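The block underneath contains the structure these notes are about, expressed in structure tokens.
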Amino acid sequence: MLNIAVLVSGGGTNLQALIDAQNAGQIENGALSLVISSKADAYALERAKQAGISTRVLLRRAFAGQADYDAALLALLAEYQIDLVVLAGFMTIISETVIREYENKIINVHPALIPSFCGPGFYGLHVHEAALKKGVKVSGATVHFVNEVCDGGPIILQKAVEVCQDDTPETLQRRIMEQAEWKLLPEAVSLFCAGKIAVENGRTIIKD
Ligand code: GAR
């Protein structure tokens, strides 16, 4: 069994999708062992507690510098013997120190089809605002490994979602969550835990 940590900052609907998948027996070789929030009042913490998952709050501003924060995060991951880190709406940047320690073991869900609408500044509703501003007819979600380039790591899964003419950032966000994010993230976690994702030359290969 691989131990999974989910890092959150907000509502935690993607965390909920993982909890539901675990309860449905869809993550065969993994267990949600720890939820770390960058905010003390994130509703995601409630979801974790209701599911009986250990929770911790790690505030970036509580640490004097990046090195102290990194050390605290790595110590927490070591304490729970974490094998896979899932960023599910986590709004604190993960430093290279942590990325190096967990190379190809950190998964992020991004609410657009990378390489569109991604990189610094593209998070949450901003992503959907940008997609609507551009007038794209299709958007979607991407699950990828995290490397030192913001939203630039090897892509694991992607799913396209239709953009409607009367969409607001909120309606588009909701459709992308429902049709893509909440499906792709549990699927990617399940594949990882089954040892079915390989990375070669910066690209993933899904084994069947
Ligand atoms: C999700 O749409 C996720 O893709 C996005 O934040 C939302 C979190 O919602 N993440 C990013 O924008 C990362 N760049 P949730 O807390 O309900 O899962």
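Details
- Calculated over region 155-204, the projected area of the Cα convex hull averaged across directions stands at 4.1 nm².
- Between ALA198 and LEU76, the modelled labels are 3.5 nm apart [label points 7 Å from Cα along Cα→Cβ].
- 5 angstrom amide H check on TYR102, placed H, neighbours 5+ away: none
- Restricting attention to the chain, lysine pairs at least eight places apart or on different chains and with alpha-carbon atoms under 22 angstrom apart total 15.
- Label-zone membership for region 133-177, site ILE206, 7 angstrom Cα→C-beta point, backbone N under 17 Å: 140-146, 154-161
- Carbon/sulfur fraction of accessible area - the chain, other protein chains in place, 1.4 Å, %: 49 percent
- For region 115-208, the per residue solvent-accessible surface stands at 54 Å², with DNA, RNA and ligands left out and a 1.4 Å probe.
- Counting every C-alpha pair in region 107-178, the share spaced more than 16 angstrom apart comes to 40%.
- Using the average count of surrounding beta-carbon atoms within 10 Å as a protection proxy, the listed peptides 98-104, 56-62 rank, highest first, as 98-104, 56-62.
- Cα-derived Rg over Rh, computed across the chain with Rh taken as Kirkwood radius: 0.95
- Counting only Cβ charges, +1 for Lys and Arg and -1 for Asp and Glu, the dipole size of the chain around its Cα centre is about 160 debye.
- Relative to the current alpha-carbon distance between GLN26 and GLU162, full extension at 0.36 nm per residue lengthens the span by 46.3 nm.
- Here's the picture: charge each Lys and Arg Cβ at +1 and each Asp and Glu Cβ at -1 in the chain, and of VAL57, PHE90, HIS128 the one pushed furthest to the positive end of that dipole is HIS128.
The values are calculated or read from the model by the stated rules, or taken from the named source; none is laboratory data. The shown structure was predicted, so the numbers you read here are calculated from the model rather than taken from an experiment. All Cβ positions, glycine included, derive from the backbone under ideal geometry; neighbour counts span all protein chains shown. Just so you know, the surface numbers come from the protein's heavy atoms only, side chains and all, with ligands and any DNA or RNA stripped out. Shrake-Rupley method; radii C 1.70, N 1.55, O 1.52, S 1.80 Å.
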